[in-house]
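Asks: Sharing a structure with you now.
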Amino acid sequence: MNPWDRLLDIYFRKVLEVFAFLPPPLSYGILPLTGHLFRKFDEYACGYEPGILPRAARSMEKVNILPTDSAQKTIIEYLRFESRFVLENIWIRRENKRHVLKSFYPEDIRSLKKYAASRNYIIVTAHFSGILSMVELLRISGYKSPLIAANTFRQSWKNAKPIQRSMLLLYQSWIDRQSLLFSDSGNIIKKSCLLTEKGQSLIIAADVPGYQDRGLIISLFGRKVWVPAGAAILAKECGIPILVALPWTSACHRPYRVFLRKIHPVQDIHQTTVMIFKYIEEIVKRNPANWNGWLYLDQMFSDNG
């Protein structure tokens, strides 16, 4: 681990562990001041490869939706949200229900619970900082919904980046109480439909890099991109509607709003996928710093840049 990652690991696993004892919004008070530190702009890798931040900045500039005069300013705010993600992972790991509840607006919690109580869904979300907090919010509200996720356990602790260590610590404690379906486990459609037949909802993030042999081309931010169609395929195969549920906030120290839209099941997978990403694009535009997808948007461009 390089010196910058060692400092970030200390910040994530020592400093934030202490601040996590404070309730929101007090615990969030550290984020505007320190949440962006301990990353070297040209070398930071997150869970990807070095140089991911300059590439993310270039992607922001290409799609031309920056709310400031500089992509780098938005990147700095994004890093604060990344630290918030780690802080909230600590709350989830500690089963601190009150902190999780306080990180959302009460009216949005009521709306999400109202949808969840009415029937089961393929709950489609995206990689905003509050993604796992929303999964935990559903769980502690009594709506246990399996999360379809990448298999974090394939990453060794020794080689893991600081953000990956946060995920490993969370999953090691979380897996005993939160159902997880790992996307590389095989027969994922069959397993998912068996669960929905029992009345359970499933949670899946739609915004991951797509590939030509298993994705669709759609328009996102005015560019043609490859995206996976897994969420739309699940809704069609399992025969249940989609609930798009996207956590977002206007600043790194404020509670999350939850954007909610229902999509009735349709046979056209491409049409459903277009609708999902239309909503994701709408929320990203409200505050681009919320979105983790900048780190891999360049991989999604159909023309590779």
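Asks: Six or more apart or on different chains, Cβ under 6 Å: which pairs go from a residue in segment 168-182 that's farther than 11 Å from ARG93 by Cβ to one that's of a type in the set (Gly, Ala, Ser)? Could you list them?
Replies: Correct list of pairs: LEU180/ALA149.
Asks: Provide a single number: the residues in segment 83-101 that are open to solvent by 10 Å² or more (accessible area, probe 1.4 Å) and in a helix (DSSP H, G or I). Working first, answer last.
Replies: So in segment 83-101, the residues open to solvent by 10 Å² or more (accessible area, probe 1.4 Å) come out as 85, 93-99, 101.
Checking which are in a helix (DSSP H, G or I) leaves us with 85, 93, 97-99, 101.
Residues in segment 83-101 being open to solvent by 10 Å² or more (accessible area, probe 1.4 Å) and in a helix (DSSP H, G or I): 6 in total.
Asks: Assuming SER156 fulfils every condition listed in (1) assigned to a loop (DSSP other than H, G, I, E, B); (2) open to solvent by 20 Å² or more (accessible area, probe 1.4 Å); (3) among the polar types (S, T, N, Q); (4) farther than 30 Å from VAL15 by Cβ apart from one, which condition is it?
Replies: Condition not satisfied by SER156: (4).
Asks: Answer yes or no as to whether LYS62 is open to solvent by 10 Å² or more (accessible area, probe 1.4 Å) and either within 23 Å of MET167 (Cβ to Cβ) or under 20 Å from the mean Cα position of the chain (by Cα) (or both).
Replies: Values: open to solvent by 10 Å² or more (accessible area, probe 1.4 Å): yes; either within 23 Å of MET167 (Cβ to Cβ) or under 20 Å from the mean Cα position of the chain (by Cα) (or both): no.
Taking the combined requirement at face value, the residue does not satisfy it.
Asks: Is there any pair with a first residue in segment 19-35 that is touching a residue at least 60 places away in the same chain (Cβ under 8 Å) and surrounded by 13 or more Cβ atoms within 10 Å (Cβ to Cβ) and a second that is among the polar types (S, T, N, Q) and part of a loop (DSSP other than H, G, I, E, B) whose Cβ atoms are under 8 Å apart and which are 6 or more apart or on different chains, and what are they?
Replies: ALA20/ASN96; PRO24/SER103
Asks: Let me ask you something else. Kindly indicate which of ALA117, ALA150 is modelled with pLDDT under 95 and either farther than 15 Å from MET167 by Cβ or among the small types (Gly, Ala, Ser) (or both).
Replies: Numbers: ALA117 fails: modelled with pLDDT under 95.
Step by step, each of ALA117, ALA150 is checked, and only ALA150 is modelled with pLDDT under 95 and either farther than 15 Å from MET167 by Cβ or among the small types (Gly, Ala, Ser) (or both).
Asks: Against the condition acidic (Asp, Glu) and out of contact with any strand residue (DSSP E or B) (no Cβ under 8 Å at 6 or more places or on another chain), how does ASP303 come out, does it pass?
Replies: Details: acidic (Asp, Glu): yes; out of contact with any strand residue (DSSP E or B) (no Cβ under 8 Å at 6 or more places or on another chain): no.
Criteria not met by ASP303.
Asks: While we're looking at this one, here's another question. Being open to solvent by 30 Å² or more (accessible area, probe 1.4 Å), in a loop (DSSP other than H, G, I, E, B) and under 15 Å from ASN120 (Cβ atoms) is the filter here, so list the residues in segment 222-249 that pass it.
Replies: GLY239
So that you can scan it fast, the table gives a plain yes or no per residue for (1) within 30 Å of PRO25 (Cα to Cα); (2) small (Gly, Ala, Ser):
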| residue | (1), (2) |
| --- | --- |
| SER219 | no, yes |
| GLY230 | no, yes |
| ILE233 | no, no |
| ARG261 | yes, no |
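Asks: Restricting attention to segment 51-59, does a residue exist that is over 17 Å from ASN290 (Cα atoms), touching a residue at least 12 places away in the same chain (Cβ under 8 Å) and assigned to a loop (DSSP other than H, G, I, E, B)?
Replies: no
Asks: Let me ask something else. Restricting to segment 252-305, name every residue that is within 16 Å of the chain's Cα centre (by Cα) and assigned to a strand (DSSP E or B).
Replies: Within segment 252-305, TYR256, ARG257, VAL258, PHE259, LEU260, TRP291 qualify.
Asks: For segment 264-304, which residues satisfy the criterion of being in contact (Cβ under 8 Å) with a residue 40 or more places away in the chain, out of contact with any Phe, Trp or Tyr (no Cβ under 8 Å at 6 or more places or on another chain) and closer than 22 Å to LEU234 by Cβ?
Replies: ILE269, HIS270, THR272, THR273, VAL274, ILE276, PHE277, ILE280, GLY293
Asks: How many of the residues making up segment 174-214 are open to solvent by less than 50 Å² (accessible area, probe 1.4 Å), under 21 Å from HIS127 (Cα atoms) and among the polar types (S, T, N, Q)?
Replies: 3
Asks: Can you find, within segment 115-136, the residue that is nearest to the chain's Cα centre (by Cα) among those that are surrounded by fewer than 24 Cβ atoms within 10 Å (Cβ to Cβ) and not in a helix (DSSP H, G or I)?
Replies: Ranking the qualifying residues of segment 115-136, first place goes to HIS127.
Asks: Tell me whether segment 26-48 contains one or more residues that are over 21 Å from TRP291 (Cβ atoms), under 21 Å from the mean Cα position of the chain (by Cα) and assigned to a loop (DSSP other than H, G, I, E, B).
Replies: Scanning segment 26-48, I find no residue that is over 21 Å from TRP291 (Cβ atoms), under 21 Å from the mean Cα position of the chain (by Cα) and assigned to a loop (DSSP other than H, G, I, E, B), so the answer is no.
The values are calculated or read from the model by the stated rules, or taken from the named source; none is laboratory data. From a predicted model like this one, the values you see are computed outputs, not experimental measurements. For neighbour counting, all protein chains shown are included, and Cβ atoms are generated from backbone atoms with ideal geometry for every residue, glycine included. Protein only, heavy atoms only, side chains kept; ligands, DNA and RNA dropped before computing areas. Shrake-Rupley method; radii C 1.70, N 1.55, O 1.52, S 1.80 Å.
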